[in-house]
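Visitor: Have a look at this one.
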Amino acid sequence: MEIPYTIHPRPDTGVYNAKLGVWLFLASEVMLFGALFSSYVLLRIGSDSWPHGYSILDWKIATFNTVVLISSSVTMVMSWASLMLKDFKKYKLYMGLTILCAFIFLAVKAFEYNTKFGHHLYPSTNTFLAIYFTITGLHGLHVIGGIFVNSYLWGPGSKMWKTQPERFTNRVEVAGLYWHFVDLVWIFLFPVLYLL
Amino acid sequence: MDASSPEAIKKQVRSYIVVFVALMGLTIVTVAVSTFHLSVAAAVIIALAVAIVKASLVAGVFMHLISEKKLIYATLALTAIFFIVLMILPTSHQLDPIVQ
């Protein structure tokens, strides 16, 4: 059986099914990260003292990662725009760059974690590090998830471009929605954890 | 002009570049403000205000929320309400007269 409304909008919702599905998924993601941000606020206002993020964490490396993730968001949306302009080669280039940025982000994060462990700073060390590792760890898992999805769309999944170009373009658009959300979470994480 | 026409997409691409530059500029602002060593309250307000502007640019332009369908707006409005409740919960004890 064919999956309905993969290309054209469903008359009652006004959007194709995958788009509504991904937005509903992102709504649940907002609550997931929202619960962790809420926990952060509770822990911070409930503690007698709270360290400045920049006194424990490396804000310079995090600024670099912010630039990397924002750049990946731009290349992601450019990959979708390339498909809309029927330029498959550019799509491959921009999607490839998005995946590369994701790997750079993870490599920097791994380096950061490794440095912390080297200084015997673990999630069990104090409340700040506990919430830091929990939120950035969960965010990192989302980056890994994005790498899987984007790599599939860059590699084997891109065969669909030859048979169903509009459906493939929609797939890239909704993968982009997810990827931009991952960027969006980091936009808040960066100042909250590293700079305040 | 049809939103999916090549001209419209090329116009969108230009807006993506503008937003990219704005996001980079706002990242510099975020870092620069943190070096001023303001009071915690002022630093939090400024950092969150800049983050909200950046998030709005990403959601509005990259995620195409500027021109989305009503159902998506309704879904996000409901999400926003629950998110606000989540953010108020940790501070709600201060509204409790017994604690006061």
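Visitor: Looking at (1) more than 9 Å from chain B (Cβ to nearest Cβ); (2) of a type in the set (A, V, I, L, M); (3) open to solvent by 10 Å² or more (accessible area, probe 1.4 Å), can you tell me which one A:MET95 breaks?
Guide: (3)
Visitor: Does at least one position in the range A:112-121 carry a residue that is open to solvent by less than 60 Å² (accessible area, probe 1.4 Å), among the β-branched types (Val, Ile, Thr) and within 19 Å of A:GLU29 (Cα to Cα)? Reasoning before the result, please.
Guide: Pass one, the range A:112-121, residues open to solvent by less than 60 Å² (accessible area, probe 1.4 Å): A:112-113, A:115-116, A:118, A:121.
Those left that are additionally among the β-branched types (Val, Ile, Thr): A:115.
Checking the rest, the ones that are also within 19 Å of A:GLU29 (Cα to Cα) come to none.
No, the range A:112-121 has no match at all.
Visitor: Given the conditions (1) surrounded by 12 or more Cβ atoms within 10 Å (Cβ to Cβ); (2) more than 9 Å from every other protein chain (Cβ to nearest Cβ); (3) free of Cβ contacts under 8 Å to residues at least 40 places away in the same chain; (4) not basic (Lys, Arg), and given that B:SER34 satisfies all but one, which numbered condition is not satisfied?
Guide: Result: B:SER34 fails condition (2) only.
Visitor: Sticking with this one: Within the bounds of the range A:150-162, is there any residue that is among the polar types (S, T, N, Q) and within 14 Å of chain B (Cβ to nearest Cβ)?
Guide: no
Visitor: Starting from the range A:40-53, take each residue that is free of Cβ contacts under 8 Å to residues at least 24 places away in the same chain and list its partners that are in a loop (DSSP other than H, G, I, E, B), counting only C-beta distances under 7 angstrom and pairs at least six apart or across chains.
Guide: Close Cβ pairs (under 7 Å, with a partner that is in a loop (DSSP other than H, G, I, E, B)) amount to A:ARG44/A:TRP50.
Visitor: Okay, moving on. Report yes if B:LEU78 is over 30 Å from A:GLY53 (Cα atoms), open to solvent by 60 Å² or more (accessible area, probe 1.4 Å), of a type outside the set (Asp, Glu) and facing another protein chain (nearest Cβ under 10 Å), otherwise no.
Guide: Numbers: over 30 Å from A:GLY53 (Cα atoms): yes; open to solvent by 60 Å² or more (accessible area, probe 1.4 Å): yes; of a type outside the set (Asp, Glu): yes; facing another protein chain (nearest Cβ under 10 Å): yes.
Yes.
Visitor: Going through A:LEU100, A:LEU189 one at a time, which residue ends up being within 14 Å of another protein chain (Cβ to nearest Cβ), in a helix (DSSP H, G or I) and either open to solvent by less than 20 Å² (accessible area, probe 1.4 Å) or not basic (Lys, Arg) (or both)?
Guide: On the way: A:LEU100 fails: within 14 Å of another protein chain (Cβ to nearest Cβ).
Selected residue: A:LEU189, the only one of A:LEU100, A:LEU189 that is within 14 Å of another protein chain (Cβ to nearest Cβ), in a helix (DSSP H, G or I) and either open to solvent by less than 20 Å² (accessible area, probe 1.4 Å) or not basic (Lys, Arg) (or both).
Visitor: Now for a different question. Looking only at the range A:68-81, filter to residues that are among the polar types (S, T, N, Q) and within 9 Å of chain B (Cβ to nearest Cβ); which one of those is surrounded by the most Cβ atoms within 10 Å (Cβ to Cβ)? Full working, then the answer.
Guide: The initial filter retains those residues of the range A:68-81 that are among the polar types (S, T, N, Q), namely A:71-73, A:75, A:79.
Restricting the remaining residues to those that are within 9 Å of chain B (Cβ to nearest Cβ) gives A:71, A:73.
On the way: A:SER71: 20, A:SER73: 27.
In this case the residue turns out to be A:SER73.
Visitor: Scan B:ILE72, B:ILE45, B:ILE9 and give me the residue that is more than 7 Å from every other protein chain (Cβ to nearest Cβ) and in a helix (DSSP H, G or I).
Guide: B:ILE45
Visitor: Quick one: in the range A:56-67, which of the residues that are in a helix (DSSP H, G or I) and surrounded by fewer than 19 Cβ atoms within 10 Å (Cβ to Cβ) is farthest from the other protein chains (Cβ to nearest Cβ)?
Guide: From the range A:56-67, those in a helix (DSSP H, G or I) are A:56, A:59-67; that's our starting set.
Then drop every residue that is not surrounded by fewer than 19 Cβ atoms within 10 Å (Cβ to Cβ), which leaves A:56, A:60-61, A:63-64, A:67.
Working: A:ILE56: 14, A:LYS60: 9, A:ILE61: 12, A:THR63: 6, A:PHE64: 10, A:VAL67: 7 Å.
Per the stated criteria, the residue is A:ILE56.
Visitor: A further question on this structure: Can you tell me how many residues within the range A:13-50 are part of a helix (DSSP H, G or I) and of a type in the set (Val, Ile, Thr)?
Guide: Adding up the residues that qualify gives 4.
Visitor: Still on this structure, please answer the following. Condition test on B:THR91, is it assigned to a helix (DSSP H, G or I) and surrounded by 13 or more Cβ atoms within 10 Å (Cβ to Cβ)? Explain how you work it out, then say what you get.
Guide: Values: assigned to a helix (DSSP H, G or I): yes; surrounded by 13 or more Cβ atoms within 10 Å (Cβ to Cβ): no.
So B:THR91 fails the test.
The values are calculated or read from the model by the stated rules, or taken from the named source; none is laboratory data. All figures in this text were calculated on a predicted structure; none of them were measured in a lab. Here Cβ is always computed from backbone atoms with ideal geometry, including for glycine, and neighbour counts include all displayed protein chains. Ligands, DNA and RNA are excluded from the accessible area calculation, which covers all protein heavy atoms including side chains. Shrake-Rupley method; radii C 1.70, N 1.55, O 1.52, S 1.80 Å.
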